[in-house]
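> I have a structure here, written as structure tokens, and I will follow up with some questions on it.
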Amino acid sequence: MGSLGAMQSRGEQKSYSKDRYMQDDVLSEDKLVPEGIEGRVEYRGPVAEVVHQLVGGLRSGMGYAGAPDIETLRREGRLIQITAAGLQESHPHDVLHVADAPNYTQKN
């Protein structure tokens, strides 16, 4: 994390966040330049539901890649970079959005 709170020293403890953001030589905390914020995310339910969706996505991706197991996917899988326009095109568009799926929500 690059928030101010993460970069501030905590007593005798060293702030590894300062080192990560190349500010470990800054001695005065009012001279730190944070690269993030601190915040909370509202509770959305048990993590089991999120893990279920992640595993489903992994299985789907393995099927598209023709990988029978994770090791094959790791060894032979290939990632490609797409443009912002390609990402937008890959999502539902030009339809009346009726209901969100558990693994896809429309951002307003």
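> Could you run through region 79-105 and say how many residues are under 22 Å from residue 49 (Cβ atoms), polar (S, T, N, Q) and either at pLDDT 90 or above or surrounded by 10 or more Cβ atoms within 10 Å (Cβ to Cβ) (or both)?
Counting residues in region 79-105 that are under 22 Å from residue 49 (Cβ atoms), polar (S, T, N, Q) and either at pLDDT 90 or above or surrounded by 10 or more Cβ atoms within 10 Å (Cβ to Cβ) (or both) gives 1.
> Now a separate question. Scan region 34-62 for residues that are surrounded by 10 or more Cβ atoms within 10 Å (Cβ to Cβ) and more than 18 Å from residue 104 (Cβ to Cβ) and jot them down.
Passing the criteria: 34, 35, 36, 37, 38, 62.
> Can you spot a residue in region 70-78 that is among the hydrophobic types (A, V, I, L, M, F, W, C), closer than 27 Å to residue 49 by Cα, at pLDDT 90 or above and in a loop (DSSP other than H, G, I, E, B)?
The initial filter retains those residues of region 70-78 that are among the hydrophobic types (A, V, I, L, M, F, W, C), namely 70, 73.
Filter again for closer than 27 Å to residue 49 by Cα, leaving 70, 73.
Remaining after also requiring at pLDDT 90 or above: 70, 73.
Add one more test, that the residue is in a loop (DSSP other than H, G, I, E, B), and what stays is none.
Scanning region 70-78 turns up no residue that is among the hydrophobic types (A, V, I, L, M, F, W, C), closer than 27 Å to residue 49 by Cα, at pLDDT 90 or above and in a loop (DSSP other than H, G, I, E, B).
> Of the numbered conditions (1) assigned to a helix (DSSP H, G or I); (2) modelled with pLDDT under 75, residue 24 fails exactly one; give the number of that condition.
(1)
The values are calculated or read from the model by the stated rules, or taken from the named source; none is laboratory data. Remember, it's a predicted structure, so these values are computed and weren't measured experimentally. All Cβ positions, glycine included, derive from the backbone under ideal geometry; neighbour counts span all protein chains shown.
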